[in-house]
1. Taking Q127 and the conditions (1) of a type outside the set (D, E); (2) modelled with pLDDT under 95; (3) in a helix (DSSP H, G or I), which numbered condition does it fall short on, given that it satisfies the others?
2. Taking region 199-221 on its own, how many of its residues are among the hydrophobic types (A, V, I, L, M, F, W, C) and either touching a Phe, Trp or Tyr at 6+ places or on another chain (Cβ under 6 Å) or on the phi > 0 side of the Ramachandran plot (or both)?
3. Name the residues in region 249-284 that are of a type in the set (A, V, I, L, M) and either under 25 Å from L179 (Cα atoms) or touching a Cys at 6+ places or on another chain (Cβ under 9 Å) (or both), would you?
4. Quick one: which of V217, V236, V248 is of a type in the set (A, V, I, L, M), under 13 Å from W185 (Cα atoms) and modelled with pLDDT under 95?
Amino acid sequence: MREILGDVRLVRGDLLDQGSLISAVERVQPDEVYNLAAISYVPMSWQQAELTGEVTGLGVLRVLEAIRVCSGISASRSPSTGQIRFYQASSSEMFGKVRESPQTEQTPFHPRSPYGVAKAYGHHLTQNYRESYGMFAVSGILFNHESPRRGAEFVTRKVSLGVAKVRLGYERQLRLGNLSASRDWGFAGDYVRAMHLMLQRDEPADYVIGTGVTHGVGELVELAFAVAGLDWRDHVVTDASFIRPAEVDRLCANPAKAAGELGWEPKIGFEELVAMMVEADLKLLTESGGHAEDWFGSDAW
């Protein structure tokens, strides 16, 4: 990422500190604000439920308030034509124990984790500020979006790193939880493009963003090992300690609204995505001598 740092201006702000966010918005005077910050690892949200609520839920309120205050918006005063546009990263985890499949913008929420609950709060709050203050505030209900930059604790990256470690002889086994869970996985770059398109519309609206196709964790594992020329059955061990307290079994997007109104569709398919991640981790481990942890948190990915 070093090649783009010259074009990036870093300004400090803290989702737990309202004053710092107001100060940041006042200093920058942005045209668009994208709130992608959250405690986004679902198992961690069970371990730190209160902090998840503060950051992932109330953090949205603080960002919206910073934009409202800096824009001089009140219930009796409409925003100006040059108002700041706000994007909230909502999540398919809000659907949780799904009521229908595939899920649309109208599907009721039934979150199954503190993370999902906090995201639902932020989602409804974004709608409320849009309807109450006339703010250009939208939510993208994004299904799982992955890339070689994904955190090592998430299942897709855990699999791609695990496969690379086995292939290069650093590990012999990969321990995983529920192999039958299904997700709608897409490429993060495609989803960022959708975020930007949402803020270019004349009128604000919320959109489900996903591929519309689900794949099981078992399918992900089989494909990832095959990319490395290995049989997953020789290396994968199921470990009950990785099972969630309340599992979300199957999530699948219906992105018809995004396709029709934004002209958006994913460009990278599931097989290409998995191959991209495995090949990137094989390269990473080869170059780091097997010490991939030395790269996490750096600007290498």
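The values are calculated or read from the model by the stated rules, or taken from the named source; none is laboratory data. All values derive from a computational prediction rather than experimental measurement. Please note: Cβ atoms are built from the backbone with ideal geometry, for glycine as well, and neighbour counts cover all protein chains shown.
1. Of the numbered conditions (1) of a type outside the set (D, E); (2) modelled with pLDDT under 95; (3) in a helix (DSSP H, G or I), the odd one out for Q127 is (2).
2. Matching residues across region 199-221 total 3.
3. Correct list: L251, A253, I268, L273, V274, A275, M276, M277, V278, A280, L282.
4. V217
Quick grid of which residues meet (1) loosely packed, with under 15 Cβ neighbours inside 10 Å; (2) at pLDDT below 95; (3) closer than 24 Å to G140 by Cβ:
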site: D14; (1), (2), (3): yes, no, yes
site: G19; (1), (2), (3): yes, no, no
site: Y41; (1), (2), (3): no, yes, yes
site: G57; (1), (2), (3): no, no, yes
site: I67; (1), (2), (3): no, no, yes
